[in-house]
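Notes follow once the structure below has been shown.
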Amino acid sequence: QLVESGGGLVQPGGSLRLSCAVSGFAMNYYAIGWFRQAPGKEREGVSCISSAVGDTDYADSVKGRFTISRDNAKNTVWLQMNDLKPEDTAVYYCAAPSYVRGSCPKALSDFGTWGQGTQVTVSS
């Protein structure tokens, strides 16, 4: 099970920190990804972090503004979002691959366990 938290309403240029609490499986064996879906748009990958080494990957649209991190001992993954823009408005989801995999999958379809999402709204 994955549970996201930390969303909310923020002004452009502001920051939010999203959390993804993981339970029910050994998170240390899994890469974890963050995704988002804006109204009328397809779900897109935002960032991903590998299981042990902590290799990270970011969408071009968030590079330099978002930072993903994890603490396997706390079963938690975070997404620090800085310099937020109105186009970042979306429901944000964390997800784990459908199978034990430490490296980040390239395909969204490889992620089979999803949280319920948390709304992020960037508006003045």
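The values are calculated or read from the model by the stated rules, or taken from the named source; none is laboratory data. Keep in mind that what you see is a predicted model, and the values were worked out from it rather than measured. Positions of Cβ are generated from backbone atoms using ideal geometry, with glycine treated the same way; all protein chains shown enter the neighbour counts. Calculation scope for accessible area: heavy atoms of the full protein, side chains included, ligands and nucleic acids excluded. Shrake-Rupley method; radii C 1.70, N 1.55, O 1.52, S 1.80 Å.
Just to be sure, is residue 90 of a type in the set (A, V, I, L, M, F, W, C), modelled with pLDDT of 95 or more and surrounded by fewer than 17 Cβ atoms within 10 Å (Cβ to Cβ)? When the stated conditions are applied, residue 90 does not pass them. For the structure I just gave you, tell me whether residue 80 is open to solvent by 70 Å² or more (accessible area, probe 1.4 Å) and in a strand (DSSP E or B). No, not satisfied. Among the candidates 84, 79, the residue that is more than 12 Å from the chain's Cα centre (by Cα) and in contact (Cβ under 8 Å) with a residue 60 or more places away in the chain is uniquely 84.
Elements of the type strands (runs of 3 or more DSSP E) sitting completely within the stretch 12-74 and holding at least 2 residues that are of a type outside the set (Val, Ile, Thr) and open to solvent by less than 20 Å² (accessible area, probe 1.4 Å): these cover 16-22, 32-37, 44-49.
Screening the stretch 97-116 for residues that are buried (at least 18 other Cβ atoms within 10 Å of the Cβ) and more than 12 Å from residue 47 (Cα to Cα) and picking the one that is nearest to the chain's Cα centre (by Cα) gives 115. Figure legend. Inter-residue proximity from the stretch 95-107: first residues within 14 Å of residue 57 (Cα to Cα), second residues not in a loop (DSSP other than H, G, I, E, B), beta-carbon distance below 6 Å, spacing 6+ or different chains. Indicated pairs: 104/48; 104/57; 105/97. Taking the stretch 1-11 as the range and being in a loop (DSSP other than H, G, I, E, B) and either polar (S, T, N, Q) or under 18 Å from residue 101 (Cα atoms) (or both) as the test, the residues that pass are 1, 11. Close Cβ contacts (under 8 Å, 6 or more residues apart or on different chains) running from residues in the stretch 41-59 that are in contact (Cβ under 8 Å) with a residue 60 or more places away in the chain to residues that are polar (S, T, N, Q) and in a loop (DSSP other than H, G, I, E, B) are absent.
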